[in-house]
Every structure is written in C-alpha cells, then in structure tokens.
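The structure appears below as structure tokens.
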Amino acid sequence: MTGWTGLVDRYRVTADPLRTQRRIELLVLLLSLLLFLQLGYGAFRLAVFSPPEPVLPAADSLQVKTPLKMDTVTPEQSGEIRNRPLFWPERRPTGVVAIEAAAMEVTAQELKDIELRGVFGSGDSVGIIALVKNQSRRIRLGEEVDGWKLESVGTNEAVFTAESRQARLSLLPQPIEPVGKADKRRERKQ
C-alpha cells in the first residue's frame, strides 16, 4: 500500500463520513496543485521574458506654452469685427460699409431727453422702449427721435447716430417696487 496504489486506495473509501472528508481533501489537493503550477509559470515568465520598453512622451508635450498676449482693440478693428457676418464661410462682409473710425463717440448726456427702458423684438422688428420727454414710446430700428436715428439694438444697449456722432444708451437694472409704492409715486407725479 505504498506509492500510487496507496494514494488511490485512500480516496476509494466507501464509508459515508470518511468518503466526504476524502473528497474535500482531494479537492483541496487539486486546487493547491493548480495554484503551485500558476506560481511556477509566473516565476518562469518573469525570469525568461523581459518587460516591455517604456514609451516616453513627445518632447513638445512637456513644454508649457506661453499664453497669448491680449492687446487692446482699436476702433477700426472693433468696427471690422462687428461687421463680419457670423455664419458665412468667408466671414467677409458683402456690401456692408465698415464703421468709420472718425465717427465721434459721444456720451448719453446729449440724449438727456431719451432714457432706455427696454428692448423688444428680433430680426427686422427689433426696437427699444424709451422714455422720451417723460413719455413712454416704442422706437423701431431706423426711426428718428430728436434728430438721432436708432442705428442698432443689442441685448442691453441701443446705439443712436446723428451725422458723424454716435451715442450709446445702456439698459440699467431697475429695482422692482411693491405695488403700493409705485401707485403712490404715480400720484405724486400727477
């Protein structure tokens, strides 16, 4: 009963409590053998095969680029930028006259009788709501008020021109007053 026949006889037991123990023992023995084979194969690969060579990054990917210097925009460049059509492939104006640099920018003090209150519309029907000489009025693009023509309308501003002068009115945020205070103020004005 020595050697291989003894080992085989050990696991041929037919008695029930002993048979279950022997099968568990055989399973543990086979799993241990499998683990030993895996460890042996891993050690063999480490000893025989060399690891892959590292790939170094490109030299230009390690250099930090200097940020672009932001210069001030001249009035000529500003007019050119505003005249560029946004969605055209060439981004070149066709038939649009560039804003002259000689156009004198004036303050809103010359438009003291006009106060911007709101902006409405889009496209061709854009305009502003303004307080002109204490009367609320809608002014469409191209209309004139006191010799000033509404030239363009932005989200928060309106640009008026008169001859070679140009004035911008900005829309200032107004506090919302409770209903009672607004009614009292109207009564005082009347």
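The values are calculated or read from the model by the stated rules, or taken from the named source; none is laboratory data. Here the structure is a predicted model, which is why all the values come from computation and not from measurement. Methodologically, a virtual Cβ is constructed for each residue, glycine included, from the backbone with ideal geometry; neighbour enumeration extends over all protein chains shown.
Before moving on, here are some points about what is shown:
- Single residue of the stretch 123-157 satisfying the filter (part of a strand (DSSP E or B) and of a type in the set (S, T, N, Q)) that is surrounded by the most Cβ atoms within 10 Å (Cβ to Cβ): SER152
Every residue, every condition in (1) of a type outside the set (Asp, Glu); (2) modelled with pLDDT of 70 or more; (3) within 28 Å of GLU143 (Cα to Cα), yes or no:
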{"site": "GLN63", "(1), (2), (3)": "yes, yes, no"}
{"site": "THR66", "(1), (2), (3)": "yes, yes, no"}
{"site": "ASP71", "(1), (2), (3)": "no, no, no"}
{"site": "THR74", "(1), (2), (3)": "yes, yes, no"}
{"site": "GLY79", "(1), (2), (3)": "yes, yes, yes"}
{"site": "PHE87", "(1), (2), (3)": "yes, yes, yes"}
{"site": "THR107", "(1), (2), (3)": "yes, no, yes"}
{"site": "LYS112", "(1), (2), (3)": "yes, yes, yes"}
{"site": "GLU115", "(1), (2), (3)": "no, yes, yes"}
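Condition check ((1) surrounded by 10 or more Cβ atoms within 10 Å (Cβ to Cβ); (2) outside any helix (DSSP H, G or I)) across all residues:
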site: THR5; (1), (2): no, no
site: ARG12; (1), (2): no, yes
site: THR20; (1), (2): yes, no
site: PHE36; (1), (2): yes, no
site: ALA43; (1), (2): yes, no
